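Let me begin by presenting the structure, written as structure tokens, before commenting on it.
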Amino acid sequence: MAARAYWQGQIRLALVSIPVEIYSATKSGAAVSFRQIHEPSGKPIRYEKVVPGLGAVDTDEIMKGFEFEKGEYVLLDQDEIDAVKLESKKTLELTQFVDQSEIDVLYYEKPYFVVPADDLAEEAFIVLREALKRTKKVGLGQLAMRGREYVVSLKPCGRGMVLETLRYADEVNKAQGYFRDIGDAKPEPELLELAEALIEKKSGTFDPQDFHDRYVDALKGLIDRKRKSKTGRKIIEDTGDDDGRSGSNVVDLMAALKKSMEGKKAAPAKKEPAKKAPARKPAAKKRA
């Protein structure tokens, strides 16, 4: 395998140990990053570490500080910090198994691919993978990597397994504080049926290739055009995405849902006012 393993060790289940390797399952190559440039010279801008009133300082004089009160710091040097780092243990012991639905999506942080380290480990690896599939459970444990300890989950993924680092409880905000003011009103049955029908109409299988970061694509296109441009002038285009809708417009929810269901078949709806025209003639006779 060309990629370098992020961690090598063993998964332990009771008396059974399975040598494995884990690899990062994500990449960050899609983002576009910038540097600040001094326009007259075309050179990148560098930053100096300065102290207000003193000016630039040497890196040897810099320590890390934790602010426990406004303007009050506890100073720590790197040796003190390194002394409390956890040694990367080479064993992930699965101590608990839970239903996947029991873990709130807010706790999932980063995924890693898990593969058997060698041919000898493959049989035990497959047994654990299939057992997790049959029981529909997720394995939980704690793993020390690169100086800190993580809560991790382990679950099947195709022929392999995926290990995901989880956030600790104190790293996740409580949802109640944000959802408290949302009312308890029940939706109208007809509105609910229309919304369900619209969801059913647009249901399909998930394919990540169907989605692109349009901002990144447009930014890369702008950079390419700017690089090829000989004028050096600004390139600012009107995308034309504004279709006249405003956030302040009040939209009738029922009408919007019905129109969404009709799709392009909105033409018959325009004929309804014509049917009401004959009803005006009797009213005119009565007034006469």
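No value in this document is a laboratory result; all are computed from the given coordinates. Here the structure is a predicted model, which means the values were calculated and not measured. In this analysis, Cβ positions are derived from the backbone assuming ideal geometry, glycine residues included, and neighbour counts consider all displayed protein chains.
Please list, ordered by chain and number, the residues whose modelled amide H lies under 5 Å from the amide H of Lys110; skip anything fewer than 5 residues away on the same chain.
Thr165
Under a point spin-label approximation (7 Å from Cα along Cα-to-Cβ), what is the Arg233-Leu192 distance to one decimal in nm?
The modelled label-to-label distance comes out at 5.9 nm.
Determine the relative contact order of segment 36-153: mean sequence separation of Cα pairs under 8 Å and six or more apart, normalised by residue count, in whole percent.
Taking the mean separation of contacting Cα pairs over the length of segment 36-153, I get 24 percent.
For segment 18-57, run through the chymotrypsin sites (Phe, Trp or Tyr not before Pro) and keep only the ones in DSSP coil with at most 12 other Cβ atoms within 10 Å of their Cβ.
Listed in order of number, the matching sites are Phe34, Tyr47.
Can you figure out the FRET efficiency of Glu122 with Lys64, using R₀ = 45 Å and their beta-carbon distance, to the nearest 0.05?
0.50
Expressed in nm to one decimal, what extension gain is obtained for the pair Arg159 and Asp210 from 0.36 nm per residue of sequence separation less their Cα-Cα distance?
15.9 nm
Which ³J(HN,Hα) values in Hz, rounded to whole numbers, follow from the phi angles of segment 35-43 under the Karplus curve 6.51 cos²θ - 1.76 cosθ + 1.60, where θ = phi - 60° and Gly and Pro get x?
Karplus values, whole Hz, x for Gly and Pro: 10, 7, 10, 7, 4, x, 9, x, 9.
Amide H neighbours of Ala144 under 5 Å, at least 5 residues apart or on other chains, H built in the peptide plane: list them.
When sequence neighbours closer than 5 places are left aside, the close amide H contacts are Lys89, Tyr150.
How many nm separate the modelled label positions at Val16 and His38, each set 7 Å beyond the Cα in the direction of the Cβ?
That separation, rounded to one decimal, is 6.4 nm.
I'd like the GluC sites (Glu not before Pro) in segment 1-79 restricted to DSSP loop residues with at most 12 other Cβ atoms within 10 Å, sorted by number.
Here the sparse-neighbourhood loop sites are Glu48.
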